[in-house]
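The values are calculated or read from the model by the stated rules, or taken from the named source; none is laboratory data. For clarity, every value in this text was computed on a predicted model and none was experimentally measured. All Cβ positions, even for glycine, are placed from backbone atoms using ideal geometry, and neighbour counts span all protein chains on display.
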Amino acid sequence: MTVEVIVLPGEGIGPEVIAEAVKVLEWFQKHRDVHFFIRCEPYGVDAYEKYGTLIKEDVFSDLLSADAVLFGATGGPAFDALPDEAKISGNLLAIRKHMAVYANLRPVQAYDALSDVTSLKAEVVGNVDLVVVRELNGGIYFGEPRGRDITAAGIERGTNTLVYTAPEIERIARVAFNLARERRGHLHSVDKSNVLETYKLWREVVTHLGETEFPDVLLHHIIVDNCAMQIIKNPKQFDVILADNMVGDILSDLAGAITGSLGMLPSVSLSNFDENGHRCALYEPVHGSAPDIADQGIANPLAAIMCVGLMFEHSFQLSKETELLTKAIEKVLVAGFRTPDIQAGSLGAISTKCMGDEVVQALTRLNHG
Ligand code: IPM
Ligand code: MG
């Protein structure tokens, strides 16, 4: 089996954490019966300096035929300093839209070994295993009209639009219902239908889909402000959380508090299958570019490495490989290896690169064991 994985390291801590994820991919290439063609391409500031665009045109179009795309991070001072026009074409939102990856899955798992790291009580976060299903191609991120202008009275104004059509809501809800059905059968759909029309429609569409196609899934509607509180107060009640683009963005960071660090959250964004059975898949660590800690070798590469596990599962149906990688990560954490973001007590911190090396060593030991 040979597949093409396009790797776009990007900016900030992106290149550092992606280097470790690639190390792990290469380990699987060498030691297991899986063969990837790994194609690393410059992205963002790096690409702009070489080619004058965020992403080369041929790479941009090849994102559609790749079996998987592994994306590091984008943003930060160097990105901000690019000319405004250069920041539009090929930016992360444009990539997500271009690949039509509307279904963003963000699994959140509490690791026992990290119970001393989270700021929440161990008994509250212990055994949490939930997935945020975030709509990624619509909502306020893309809604029109948008922009800035000056009113007739000379007052500065900014406008964005929270808009969803019923089919857009239905397709993301279907993904969430299906996932809940495979898991523990609970779906929380998040909205603000007590105030906003878009969310009234959201609730109606989700309710109708549940009644007609997923009567076996227990559907709970939850208002976003209450949901935020419940995620911190009693996260164990959640199995699958369905949210629109912006709410999903916020709630997934919040849920990150459960693991103790955003450095522990991977994500996959999926399109529908086309007529040839191919679909686009974009793998990104949730943490973003974290410019404040970039180039210091201290970023946590585990979210990026976990993206490789998600890739095996969602793009290549290699669940055994995912299991092996998950076990290896657990071993490394139990053994007390920590980057500074997940450091606690007397454990010393290790570098980004050492963390990648530890995962590879744990893989080798498990593979022989
Ligand atoms: C995320 C990030 C992005 C988003 C930014 C970098 C555009 O916060 O993936 O969660 O808002 O979608
Ligand atoms: Mg975010």
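At-a-glance table
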| read-out | value |
| --- | --- |
| Failed item in (1) in contact with a Lys or Arg (Cβ under 6 Å, 6 or more places away or on another chain); (2) within 16 Å of ligand 2 (Cβ to nearest atom), with SER271 passing the rest | (2) |
| Contacts under 6 angstrom Cβ, first residue in the range 338-363 being buried (at least 17 other Cβ atoms within 10 Å of the Cβ), partner of a type in the set (Asp, Glu), 6 or more apart | THR352/GLU16; GLY356/GLU20 |
| Some residue of the range 92-115 being assigned to a loop (DSSP other than H, G, I, E, B), in contact with a helix residue (DSSP H, G or I) (Cβ under 8 Å, 6 or more places away or on another chain) and surrounded by fewer than 16 Cβ atoms within 10 Å (Cβ to Cβ) | no |
| All positions within the range 172-187 that are out of contact with any Asp or Glu (no Cβ under 8 Å at 6 or more places or on another chain) and surrounded by 15 or more Cβ atoms within 10 Å (Cβ to Cβ) | ALA173, VAL175, ALA176, ASN178, LEU179 |
| The one condition in (1) part of a helix (DSSP H, G or I); (2) at pLDDT 95 or above; (3) within 12 Å of ligand 2 (Cβ to nearest atom) that ALA255 fails to fulfil | (2) |
| Listing of helices (runs of 4 or more DSSP H) fully contained in the range 117-215 that carry 2 or more residues being more than 23 Å from ASP239 (Cβ to Cβ) | 166-182, 197-213 |
| Conditions (1) within 18 Å of LEU265 (Cβ to Cβ); (2) crowded, with 22+ Cβ neighbours inside 10 Å; (3) of a type outside the set (Asp, Glu): number failed by CYS280 | (1) |
